[in-house]
Amino acid sequence: MISANQAHLKSWIPVPEHSDFPIQNIPFGIIKMEGKSPRVATRIGDSVIDLYELYKLGCFESLPFESNDFDASSLNSLMKKGKLAVRELRNVLSALLLSDNSFLRDKSELHDSFLYTHDSVEMLLPVNIGDYTDFYSSKEHATNVGVMFRDPANALLPNWLWIPVGYHGRASSVVVSGTDFHRPKGQIKPNDEEDPIFSASRQIDFELEMGFITFDGKPLGDSISVAEADDYIFGLCLFNDWSARDIQKWEYVPLGPFLAKNFVSTMSAWIVTLDALQPFRVESPIQSPKVLEYLAGSGKDSYDIQLQVAIETESKVETEICQSNFKYMYWTMAQQLAHHTVNGCNVRGGDLMGSGTISGPSEGSYGSMLELAWKGTKPITLNDGTQRRFILDGDTVVMRGYCQNANVRIGFGEVKGKLLPAK
Ligand code: MN
């Protein structure tokens, strides 16, 4: 049914070896070029394809889209058309870009008008995010944090195995990959015996997460079931949910994360559709105790997405510090969405759901500095010889992710952000 996913397809646009963006991907993003309005685009190899220009050429006449779905500064209008329309758009794009389709291929005089190199365009935040919710769905991460801050014998709180725990985050400070930001300030309490102080955070951390973007959900009062969840998920991005651990430690009781989390979160520029990820569905972790009926899944609601985190220092030396995988998550996206709406809460097109830090079973797979350097007790040595307990001013954190099987690689590119000194 999803013709765009067929592994044998080849495009007339070149795709370098190990590219995240073969013709089977067809992600969506928003580009900006000098002298042109922001518009919807897709990417193949190192080329970016301007979908507004293709719309004007009549490429999408069979589809229920209008010019302002593509002549747009976010994907929200396009997403309003729903899952089936976006699926058909991917299928039509795939057909247009196939190596044996001459319709666009042989109009070389037009290529400059819709085909750009990816380094010649600016990528904008792809979604106008209405609401942002962050989950806490990695058992390994929740266990590690529990061991460090509470009680090793009772690391998981009693509700954790029953509820996909989450909190409402802040949408206004979600930025696109490549956006630098300043070290946040706030209340910290470096010494347990003394009063808190006002200071720049001394413990800036990253959180390796995936985000998913929703289509319009159901009306207020209705719920989305686990079985229906896929129909309401547009696509996924890489997501760095930056955290200030010292601010977090002092403020989080009793209502949870606040200023430790809302100063900035960074998302990757290309949204990879859930459709494109279907070949990489894998079995979900066995859940024990058995979850309540409304959370029961198909058993195959997880995705095999290889993830990597690196720190690039100001001297441009990069060190890989983590390798993890989205399939490690205990709670699936479908369960998160079902739980989020089970009380009648409505989600809207363009809402962002963060997975929570994705830690795996081994030390090298932990998805935060807090865990990798174990609360500062095991500093990490970078390739330039310097050590890190947390992120230093001038450091750039880069996250990458891709799916790979014998036939095809579907990737997300990267999400990166640089920490600047406090203002
Ligand atoms: Mn988070």
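Taking the Cα centre of region 3-124 as origin and charging only Cβ (+1 Lys, Arg; -1 Asp, Glu), how large is the dipole, in debye to the nearest 20?
460 debye
Calculate the dipole size of region 341-423 relative to its Cα centre from +1 charges on Lys and Arg beta carbons and -1 charges on Asp and Glu beta carbons; express the result in debye to the nearest 20.
100 debye
If the reach is capped at under 18 angstrom between alpha carbons, list the aspartates and glutamates near residue 81, excluding any in the same chain fewer than eight residues apart.
Output for residue 81: 61, 66, 69, 71, 216, 228, 230, 231, 275, 351.
Counting only Cα, what are the radius of gyration and maximum Cα-Cα distance Dmax of region 176-334, in Å?
My reading of the Cα-based Rg and Dmax gives 19.0, 55 Å.
Please list, by residue number, every one of the GluC sites (Glu not before Pro) in region 55-132 that is coil in DSSP and has at most 15 other beta-carbon atoms within 10 Å.
61, 66
Helix-derived [θ] at 222 nm for the chain: sum -39500 (n - 2.57) over DSSP H runs of at least 4, divide by residue count, nearest 500?
-4000 deg cm²/dmol
Write out the GluC sites (Glu not before Pro) in region 141-217 meeting two conditions: DSSP loop, and at most 12 other Cβ atoms within 10 Å of their Cβ.
Taking region 141-217 and a limit of 12 other Cβ atoms within 10 Å, the loop GluC sites (Glu not before Pro) found are 193, 194.
When only C-alpha pairs under 8 Å and at least 6 residues apart count, what is the relative contact order of region 363-423, in percent?
The value is 24 percent.
Using only Cα atoms, locate the centre of region 367-403 and the centre of region 135-159, then give the distance between them in Å, rounded to an integer.
Each part's Cα centre sits 21 Å from the other's.
Just want the answer: with Cβ charges of +1 for Lys and Arg and -1 for Asp and Glu, which residue in 37, 276, 252 is farthest toward the dipole's positive end in the chain?
Ranked along the dipole, the leading option is 252.
Place +1 on the Cβ of every Lys and Arg and -1 on the Cβ of every Asp and Glu in the chain, take the dipole about the Cα centre, and give the residue among 124, 356, 149 whose Cα lies farthest towards its positive end.
Final value for the positive-end residue is 149.
How would you classify region 3-124 from its alpha-carbon gyration tensor, with a ≥ b ≥ c the square roots of the eigenvalues: rounded for a/c under 1.5, else prolate if a/b is greater than b/c, otherwise oblate?
Because its axes are fairly even, with a/c under 1.5, region 3-124 counts as rounded.
Here are some pairs, 32/185; 249/378; 107/418; 327/375; 10/218; 185/327; which of them have Cα atoms lying more than 30 Å apart in this structure?
Exceeds cut-off: 32/185; 107/418; 10/218; 185/327.
May I ask what percent, to the nearest 5, of DSSP beta bridges between residues of region 132-420 are antiparallel?
Of those bridges, close to 85 percent are antiparallel.
Which trypsin sites (Lys or Arg not before Pro) in region 126-221 pass both tests, a DSSP loop state and at most 15 other beta-carbon atoms within 10 Å?
Here the trypsin sites (Lys or Arg not before Pro) that fit, given the DSSP loop and packing criteria, are 150, 202.
Among 35, 297, 130, determine the one that fluctuates most according to a GNM of the chain built with springs between C-alpha atoms less than 10 Å apart.
Highest fluctuation among the options: 35.
Any idea what the relative contact order of region 78-184 is, in percent, if you count C-alpha pairs under 8 Å spaced at least 6 apart?
24 percent
Given q = 0.07, 0.13, 0.14 Å⁻¹, what are the Debye log10 I(q)/I(0) values for the chain, with equal point scatterers placed on the Cα positions and solvent ignored?
-0.33, -1.14, -1.31
Suppose the Debye formula is applied to equal point scatterers at every Cα of region 277-399; what is log10 I(q)/I(0) at q = 0.12, 0.16 Å⁻¹?
The calculated log intensity ratios at q = 0.12, 0.16 Å⁻¹ are -0.59, -0.88.
Quick note: the coordinates plus some simple rules give every number you see, no bench work behind them. As the structure is a computational prediction, the values presented were derived from the model and not from experiment. All Cβ positions, glycine included, derive from the backbone under ideal geometry; neighbour counts span all protein chains shown.
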